Amino acid sequence: MVNGDELAPQAPAPDTLMTKILQVIREDIAGFHPRLFLAVAITAPLPKAMFNRLRTAMLRAAGFHLGPRTIFMQTPRINGLRRPIDNLIVGADCCIERGTTFELIERITLGDRVTIGNQAMILTTSHEVGPRERRAGELTRGAVTIHDGASIGARAIILPGITIGAGSVVDAGAVVNKNVEPGARVAGAPAKVVVDKSNA
């Protein structure tokens, strides 16, 4: 005869439970960066399009690699694990407009004189298309590079692994899923070349 107590699930030992809790806490705070948290906490309440030099200086103090005379018009949304600070490299004389999102799982590199429009998103992860049971399949990653003088329009989305050539233009609202040649202008979703100035 089986005792009912023997069938009841056993509670984990206190030390095992505490070990699991500590492990979960360690995993959850692995991406926490005090300097970044402090910089965002200080700059986020600042009025939009004001205190741009202070905002940029605070982001630089947090450890971001920002070239001279680069300006952030608003504190960007920053997503990333472990060391997102190391994954954003911005050249000189860039202008990052309001509401920009940088997903810093992989590196995002902006050359000199790059302009990023309002609410543009630069992503470094996506998913393969999986079977019907779970369409979001395997995680994919890719660094994004935007070369000198390029302009990214408002609400444009740059997908992982993309290179935007020097002097090119990505129109507002474009979804860029292929590399953009230097001097080209692309528009639409998915983005297609509308003007090719690469030979100009």
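Restricting the search to strands (runs of 3 or more DSSP E) fully inside segment 139-200 and requiring at least 1 residues that are over 18 Å from the mean Cα position of the chain (by Cα) and farther than 23 Å from Glu128 by Cβ gives 184-187, 192-196. Of the residues in segment 67-74, none is aromatic (Phe, Trp, Tyr), out of contact with any Pro (no Cβ under 6 Å at 6 or more places or on another chain), outside any strand (DSSP E or B) and free of Cβ contacts under 8 Å to residues at least 60 places away in the same chain. Filter segment 31-48 down to residues that are surrounded by 10 or more Cβ atoms within 10 Å (Cβ to Cβ), assigned to a loop (DSSP other than H, G, I, E, B) and out of contact with any helix residue (DSSP H, G or I) (no Cβ under 7 Å at 6 or more places or on another chain), then give me how many there are. Within segment 31-48, residues that are surrounded by 10 or more Cβ atoms within 10 Å (Cβ to Cβ), assigned to a loop (DSSP other than H, G, I, E, B) and out of contact with any helix residue (DSSP H, G or I) (no Cβ under 7 Å at 6 or more places or on another chain) number 3. Residues in segment 75-95 that are within 15 Å of the chain's Cα centre (by Cα) and either in a strand (DSSP E or B) or over 16 Å from Leu110 (Cα atoms) (or both): Thr75, Arg77, Ile78, Asn79, Gly80, Leu81, Arg82, Arg83, Leu88, Ile89, Val90. Taking (1) at pLDDT 95 or above; (2) touching a His at 6+ places or on another chain (Cβ under 9 Å); (3) more than 14 Å from Thr115 (Cα to Cα); (4) not small (Gly, Ala, Ser) in turn, Val144 satisfies each apart from (2). Answer with yes or no whether Arg60 is basic (Lys, Arg) and modelled with pLDDT of 85 or more. In short, yes.
Residues in segment 79-95 that are touching a strand residue (DSSP E or B) at 6+ places or on another chain (Cβ under 7 Å) and β-branched (Val, Ile, Thr): Ile89, Val90. When Lys178, Lys197 are screened for being modelled with pLDDT of 95 or more and among the basic types (Lys, Arg), only Lys178 passes.
Has segment 124-142 got any residue that is surrounded by 20 or more Cβ atoms within 10 Å (Cβ to Cβ), touching a residue at least 12 places away in the same chain (Cβ under 8 Å) and over 20 Å from Gly80 (Cβ atoms)? Taking every residue of segment 124-142 in turn, none turns out to be surrounded by 20 or more Cβ atoms within 10 Å (Cβ to Cβ), touching a residue at least 12 places away in the same chain (Cβ under 8 Å) and over 20 Å from Gly80 (Cβ atoms).
The values are calculated or read from the model by the stated rules, or taken from the named source; none is laboratory data. Computed from a predicted structure; not experimentally measured. Every residue, glycine as well, gets a Cβ built from its backbone with ideal geometry; the counts of neighbours run over all protein chains shown.
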